């Protein structure tokens with residue numbers, strides 16, 4: 001499988017056609033995406049579609065039929081085709097076929113564009129309903145960033161949301177389902193210190209967040225900024241002790257505990273009419289430490 005290489009000045013990014021997955025991104029002299037380790041997590045930035053999170057009993061229901069589907073859907077394990085490519089930009093697409101129909105009985109086109117600049121990477125998703133029925137879907141981005149990405153102790157890094165957020169997150173029930181219970185986290189207004197044990201229990205999911213942007217900040221002030229459109233939810237996830245932090249942007253989320261309805265009734269699904277299209281996007285940007293010259 002040939003890896004797609006993007007360049008812009010000294011910036012570099014690479015994308016695998018399998019899953020249209022971002023494999024590397026280098027900006028400011030930094031390698032920002034973590035290197036996968038099969039013993040920890042053998043992915044770097046999987047795409048999430050047509051669901052986000054877990055479905056109860058590993059199935060979605062459409063009409064009177066159940067369809068087996070894995071966590072986050074099937075896009076990450078699907079081969080995308082290249083539609084257009086330039087030195088600093090590429091567009092890839094996934095379309096429904098017999099394989100996808102056995103998991104998700106809708107006609108669709110999932111298109112993703114990566115655009116690289118010297119200090120930023122822009123990702124645009126476009127989902128189209130190519131079938132004759134209303135199509136419920138969710139999508140998301142799941143990049144794993146090096147942590148630490150700029151040296152120093154991981155526990156001295158923090159997440160700073162653009163707006164104040166509620167210092168509680170849902171408790172994740174067995175099977176990856178969202179319970180009605182919530183637990184406190186050490187979030188003070190906009191700032192979340194990244195303590196070593198923060199992810200010992202589960203991911204931190206900020207549903208219907210106030211913020212559409214956040215910063216991932218190193219001790220010296222160097223940081224990654226992430227700004228999104230069309231993603232109302234954030235999730236932060238890491239395996240304890242592993243050198244990465246996944247900062248996820250979601251349009252939907254996993255099934256609530258006890259949910260046994262159809263896919264169309266699942267909370268936070270987008271209902272797309274035939275021939276309609278919907279766009280989602282995110283900009284990831286690297287910023288140097290305060291008081292230092294840009295790379």
Checklist entry - Hey, what number do you get for the chain at 222 nm if only DSSP H runs of n ≥ 4 count, each worth -39500 (n - 2.57), divided across all residues, to the nearest 500? => result 0 deg cm²/dmol
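Could you line up 2, 44 from fewest to most neighbouring Cβ atoms inside 10 Å? Show your work: numbers first, answer last.
On the way: 2 7, 44 23.
Exposure proxy ranking, most exposed first: 2, 44.
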Checklist outcome for this item: Cβ density ranking, 10 Å radius, fewest first, applied to 182, 23 yields 182, 23
Next on the checklist: With Kirkwood radius over Cα pairs in Å as the read-out, I listed (1) 21.8; (2) 19.6; (3) 22.8; which label goes with the value calculated from this structure?
Outcome noted: (2)
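At a 10 Å Cβ-Cβ cut-off, how would you order 139, 181, 205, fewest neighbours first?
Numbers: 139 26, 181 11, 205 21.
By the 10 Å Cβ count, ascending: 181, 205, 139.
Please give the contour-minus-distance gain from residue 220 to residue 57: 0.36 nm per residue of separation, less the Cα-Cα distance, rounded to one decimal in nm.
Details: separation 163, 0.36 × 163 = 58.68 nm, distance 4.51 nm.
Result for the pair: 54.2 nm of gain on full extension.
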Checklist entry - If contacts are Cα pairs under 8 angstrom and at least 6 residues apart, what is the relative contact order of the chain in percent? => result 21
Item to check | Zone of residue 202's modelled label, taken as backbone nitrogen in segment 74-105 under 19 Å from a point 7 Å along Cα→Cβ | outcome: none
Checklist entry - Counting DSSP beta bridges in segment 1-104, what percent are antiparallel, to the nearest 5? => result 95
Next on the checklist: Taking R0 as 41 Å, what FRET efficiency do you get between residue 213 and residue 67 from their Cβ-Cβ distance, rounded to the nearest 0.05?
Outcome noted: 0.70
Checklist entry - For the chain, modelled as a Gaussian network with Cα springs under 10 Å, which listed residue fluctuates most, 29, 19, 252? => result 29
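Every read-out reported here was derived from the displayed coordinates using simple, explicitly stated rules and does not represent laboratory data. Source: prediction; values computed, not measured. Note that each Cβ is placed from the backbone with ideal geometry, even for glycine, and that neighbours are counted across all protein chains shown.
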